[in-house]
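Nothing in this text is a laboratory measurement; each read-out follows from the coordinates by a stated rule. Given the structure is predicted, the values throughout are model-derived calculations rather than measurements. Glycine also receives a Cβ, built like all others from the backbone with ideal geometry; neighbour counts cover every protein chain displayed.
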């Protein structure tokens with residue numbers, strides 16, 4: 001594991017407990033998950049993988065849709081996130097879940113074994129070369145008729161915007177309570193490796209996927225195949 005990966009693991013280990021609280025306080029996170037589930041249309045006896053599972057909120061929020069799945073698999077870089085995920089899934093009555101600690105660019109999952117890959121707000125943490133490696137791994141683990149539903153922080157503006165304008169949009173979307181927050185939007189959020197939604201679609205298309213796109217917000221988009 002590279003020093004960069006170790007730093008990322010440490011960062012998300014430290015964020016694990018706070019992550020749970022932020023999810024509860026930021027309605028947009030639940031909205032994103034609900035839309036992922038609506039697009040995915042989970043069927044019984046399917047195998048689902050959540051890349052960047054965090055604390056397994058995607059599966060627990062959609063428990064009524066996923067409990068009939070054959071297997072649910074979560075992958076996260078953080079051992080602390082994985083432990084919380086296992087505990088939450090057990091508390092929600094899941095017996096078909098397994099959590100893996102691993103890299104998204106080298107998934108610990110058998111080739112051609114997965115029906116649907118899901119991901120929520122993860123890939124903007126990767127640069128484009130890492131995105132391409134992760135997409136290749138998604139392609140590898142899916143069976144030929146498999147599908148994807150990937151929501152991420154993306155530039156969905158129809159026009160060019162400045163860095164400050166993008167950060168303001170992030171602030172309005174992700175701040176826990178915009179009516180009481182006092183910090184400046186200029187210091188809010190992590191744009192990191194956010195790219196335009198069209199560019200994100202092109203990365204998937206270049207890897208052999210036929211994808212659609214949906215804009216949820218100026219800074220949130222979904223790319224999916226059916």
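First check a/c for the range 17-57, with a ≥ b ≥ c the square roots of the eigenvalues of its C-alpha gyration tensor; if it is under 1.5, answer rounded, and if not, answer prolate when a/b is larger than b/c or oblate otherwise.
On the way: a/c = 3.40, a/b = 1.68, b/c = 2.02.
Note, shape of the range 17-57 comes out oblate.
Could you tell me whether the range 1-93 comes out rounded, prolate or oblate from its Cα gyration tensor? Rule is a ≥ b ≥ c as square roots of the eigenvalues, rounded for a/c under 1.5, then prolate if a/b exceeds b/c, otherwise oblate.
In terms of gyration-tensor shape, prolate.
Between residue 106 and residue 15, what FRET efficiency follows from the Cβ-Cβ distance if R0 is 25 Å, with the result rounded to 0.05?
0.65
Tell me the Kirkwood hydrodynamic radius of the range 64-119 in angstroms, computed as one over the mean inverse distance between distinct C-alpha pairs. List each step's numbers first, then the result.
On the way: mean 1/r = 0.0824 Å⁻¹.
Taking every pair of different Cα atoms in the range 64-119, averaging 1/r and inverting gives 12.1 Å.
Under the definition of Cα pairs under 8 Å and six or more residues apart, what whole-number percent is the relative contact order of the chain? Don't skip to the end; give the middle numbers.
Values: 400 pairs, mean separation 42.9, N = 226.
Result for the chain is 19 percent.
Applying 1/(1 + (r/R0)^6) with R0 = 30 Å to the Cβ-Cβ distance of residue 202 and residue 90, what FRET efficiency is obtained, to the nearest 0.05?
For residue 202 and residue 90, the calculated efficiency is 0.15.
Test of understanding: express the Cα radius of gyration of the chain as a ratio to 2.2 N^0.38 Å, with N the residue count.
Working it through for the chain, the quotient is 0.97.
Less than 14 Å from a label point 7 Å out along the Cα-to-Cβ axis of residue 145: which backbone N atoms in the range 188-226 qualify, by residue?
Under cut-off, by backbone N: 226.
Measure out, as a whole number of angstrom, how far apart the alpha-carbon centroids of the range 85-149 and the range 20-51 sit.
Cα centroid to Cα centroid, the span is 13 Å.
Report the full-extension gain for the segment residue 26 to residue 71: residue separation times 0.36 nm, less the Cα-Cα distance, to one decimal in nm. Don't skip to the end; give the middle numbers.
On the way: separation 45, 0.36 × 45 = 16.20 nm, distance 2.87 nm.
Taking 0.36 nm per residue and subtracting the Cα distance, the gain is 13.3 nm.
Before rounding to the nearest 500, sum -39500 (n - 2.57) across all DSSP H runs of length at least 4 in the chain and divide by the residue total; then give [θ] at 222 nm in deg cm²/dmol.
Per the formula, -13000 deg cm²/dmol.
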